[in-house]
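The values are calculated or read from the model by the stated rules, or taken from the named source; none is laboratory data. Computed from a prediction, not measured in an experiment: that's the story for all the values here. For neighbour counting, all protein chains shown are included, and Cβ atoms are generated from backbone atoms with ideal geometry for every residue, glycine included. When the accessible area is computed, the model is the full protein with side chains, heavy atoms only, and any ligands, DNA or RNA have been set aside. Shrake-Rupley method; radii C 1.70, N 1.55, O 1.52, S 1.80 Å.
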Amino acid sequence: MADQSTQSIVIDAAPAQIMAVIADFPAYPEWAGFVKSCEVLDDGSGDHPRQVRFLLDAGVVKDDYVLEYDWAEDDSRVDWHLVKGQMQKSQTGSYQLQPQGESTEVTYTLAVDLSIPMLGMFKRKAEKVIMDTALKELKKRVEG
């Protein structure tokens, strides 16, 4: 099992507003820099898709992969895992949303295991860059 990395950011919005942006996968290429395209494969039930295909181009790492999502009914959390990928053997992650008055603390947890060998320190650095970028872009999208 891959080691996981965790980062948090505070966003000036309610959890439901943030979760709506997280769940709007077709819009990801507009604001999530590494995501080149995003396609919902299974709408699931309710407002939140169950399976989504991503085309990712993060420089060194390019991948075509499918994630499956599990959404908390109260918009407090979403978890996901890799269904299939080219460069990844596994990926698990989550966004945990914790209200703080008018704002919400968003905690992003990610564990990725690549098919190609990569030194642990480089892998941690890549995860940190991906998470840092994702959180900052999410904040900008929600607050903008």
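Summary of computed values
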| read-out | value |
| --- | --- |
| Residues of segment 1-29 that turn out to be open to solvent by 20 Å² or more (accessible area, probe 1.4 Å), without any contact (Cβ under 8 Å) to a residue 40 or more places away in the chain and not in a loop (DSSP other than H, G, I, E, B), as a count | 4 |
| Residue under evaluation LEU41, criteria (1) over 19 Å from LYS84 (Cα atoms); (2) in contact (Cβ under 8 Å) with a residue 24 or more places away in the chain, criterion not met | (1) |
| Of all residues in segment 126-136 being modelled with pLDDT of 85 or more and buried (at least 18 other Cβ atoms within 10 Å of the Cβ), the one that is farthest from the chain's Cα centre (by Cα) | LEU135 |
| Unmet requirement for TYR69, which otherwise passes all of (1) in contact with a helix residue (DSSP H, G or I) (Cβ under 6 Å, 6 or more places away or on another chain); (2) open to solvent by less than 40 Å² (accessible area, probe 1.4 Å) | (1) |
| Checklist (1) modelled with pLDDT of 85 or more; (2) open to solvent by 20 Å² or more (accessible area, probe 1.4 Å) applied to LYS123, failing item | (1) |
| Segment 30-43: number of residues that are assigned to a strand (DSSP E or B) and not small (Gly, Ala, Ser) | 7 |
